[in-house]
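Where a number appears in this text, it was derived from the coordinates with a stated rule and is not lab data. Quick caveat: nothing in here was measured; it's all calculated off a predicted structure. Don't worry about glycine lacking a Cβ; one is built from the backbone with ideal geometry, like all the others, and counts go over all protein chains shown.
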Amino acid sequence: MLQVEGLTKYFGGVAAVDHVSFTVPEGSIYALIGPNGAGKTTVFNLITGVLPPDSGKISLKDCRLNGLNPSQIAAAGVARTFQNLQLFGSMTVLENVVTGAYLRGSMGFVRSMVRRPGISPEDRALMQYSLGLLSEVGLSDKAGWPAGRLPFGQQRLLEIARALASCPSLLLLDEPAAGLNTGETRELTGFLKRLKEKGLTIILVEHDMDTVMEVADSILVLDFGRVIFEGTPVEVQANPEVIRAYLGEEDEEC
Ligand SMILES: Nc1ncnc2c1ncn2[C@@H]1O[C@H](COP(=O)(O)OP(=O)(O)O)[C@@H](O)[C@H]1O
Ligand SMILES: [Mg+2]
């Protein structure tokens, strides 16, 4: 689904992403892990066109993403959520999901801003589809709430629903479990598995190792912008370098 080759991004003299290569098979959950500052969010910003890479190649199936702008990349089928939530707090939960569909570009953003009497069949279909997504994340009964009034965990789920509204073929999730309680994290884990069963390809940046180890097919470990290991959850947990650079962190603190 996604192929990244030699991806490099400097900020000043520091390589935030340093010759990173990986391939994400279609229908898999591929995790990116590593300490804070390892370059994970920057990889997402490069894939989504928010930042231009200094070098390297990014391809979604046969489509070269380098050089495309963020809306073209969204239209090609890439959707994301953010480490720091970026919802429209005063818009309703349902409206937030509907905006996600416009990101794909098929509905025409300008046309959507033009006032028309009544609701067109297209808009009605879009709302039905968005309500279906809300039901999948357990938020149907809150469709009319201002998004900013949802508890934090539900805002994270809403952001995923909004990303899904664009019908992506690749979904990038940046720390979706951050700030969630144990029950919410379990719900999220189940939801990610259901998305995978439906054939969606996901790249997951996450610090919650229980979630990563449970859902990921493969894991790429980054440190100081460089790949230090790639493997299955079992292989990653057994690798001494990964334990030293990352998984051992908590033990050292104890
Ligand atoms: N827009 C930016 N300008 C300058 N430095 C940045 C920018 N974004 C990230 N960085 C730096 O790049 C490195 C990687 O950051 P980031 O990708 O956010 O790491 P992670 O998501 O793994 O915690 C860090 O040293 C960070 O300070
Ligand atoms: Mg980050």
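Could you list, in sequence order, all residues of segment 34-48 that are touching a helix residue (DSSP H, G or I) at 6+ places or on another chain (Cβ under 6 Å) and of a type in the set (Val, Ile, Thr)? The one that is touching a helix residue (DSSP H, G or I) at 6+ places or on another chain (Cβ under 6 Å) and of a type in the set (Val, Ile, Thr): THR48.
Do you know which of the residues in segment 55-85 that are of a type in the set (D, E, K, R) and surrounded by 14 or more Cβ atoms within 10 Å (Cβ to Cβ) is farthest from the chain's Cα centre (by Cα)? For segment 55-85, the residue satisfying everything is LYS57.
Taking the criterion of being within 16 Å of ligand 2 (Cβ to nearest atom) and among the basic types (Lys, Arg), the residues of segment 1-59 that qualify are LYS9, LYS40. Residue check: LEU158 meets all listed conditions (1) surrounded by fewer than 17 Cβ atoms within 10 Å (Cβ to Cβ); (2) under 19 Å from GLY89 (Cα atoms); (3) out of contact with any Phe, Trp or Tyr (no Cβ under 8 Å at 6 or more places or on another chain) but one, namely (1).
A search for C-beta distances below 6 Å between a residue of segment 190-206 that is touching a residue at least 40 places away in the same chain (Cβ under 8 Å) and any residue that is of a type in the set (Val, Ile, Thr) and not in a strand (DSSP E or B), counting only pairs 6+ apart in sequence or on different chains, returns LEU192/VAL215; GLU206/VAL212.
Counting only strands (runs of 3 or more DSSP E) that sit completely within segment 1-78, those holding 2 or more residues that are of a type in the set (Ser, Thr, Tyr) and in contact with an Asp or Glu (Cβ under 8 Å, 6 or more places away or on another chain) correspond to 2-11. Keeping to segment 1-59, report how many residues are free of Cβ contacts under 8 Å to residues at least 40 places away in the same chain, away from ligand 1 (no atom under 12 Å from the Cβ) and either in contact with a Cys (Cβ under 7 Å, 6 or more places away or on another chain) or at positive phi (or both). Of the residues in that region, 1 qualify. Within segment 163-186, one or more residues are more than 17 Å from GLY37 (Cα to Cα), assigned to a helix (DSSP H, G or I), in contact (Cβ under 8 Å) with a residue 24 or more places away in the chain and over 13 Å from the mean Cα position of the chain (by Cα).
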